[in-house]
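Take a look at the structure set out below.
Every number here is computed from the coordinates shown, using simple stated rules; none is lab data. Everything numeric here is computed off the predicted structure, so don't read it as measured data. Neighbour counts are summed over all protein chains in view; Cβ atoms, including those assigned to glycine, are modelled from backbone coordinates with ideal geometry.
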Amino acid sequence: MSRILAIDFGTKRTGIAVTDELQIIASGLTTVNTKELIVFLKDYVATESVELFLVGEPKQMDNSASESEVHIVKFLAKLEKAIPNIPIKRVDERFTSKMAFQTMIDSGLKKSQRKNKALIDEISATLILQSYLYSK
């Protein structure tokens, strides 16, 4: 089997999580400067077998698209062009940032560590991936 890679896209930085090859465990991989995201993903899939990209779909409470959706759609077009052989699936990402922050608190991280937005993005990507695995 191949890995599933989840992306919590942000205009400045993007959190990335990945499954193991058996697609059982979701783990945070890293946070990447969004400007370098396509290059990072191309390098990653050159060395690891990835069968699916999951990209968070931010929605408002009324189910309408979030303001950041415009940026995500542009990224998706670039991703499809750069890596056309790996399908992309969208996953609702409502509340993942809040859940990521709560996870940090529950894990006992100090207040100074919880200010690390890169870590929040990575945990958010992991939560997106984990919710997809549960739904499978």
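Close amide-amide hydrogen proximity is noted between V91 and V55, G56, E57, each under 5 Å apart and 5 or more residues distant or on a separate chain (H modeled in the peptide plane; Pro and chain starts excluded). Distance distribution P(r), the stretch 1-41, all Cα-Cα pairs, bin width 5 angstrom from 0: 6, 25, 30, 19, 13, 6, 1 percent. Among 18-31, 39-52, sorting by the average number of other beta carbon atoms lying within 10 angstrom of each residue, highest first, gives 18-31, 39-52.
Pairs over the 24 Å Cα-Cα cut-off, from the set K78/K136; K12/K42; K35/K136: K78/K136; K35/K136.
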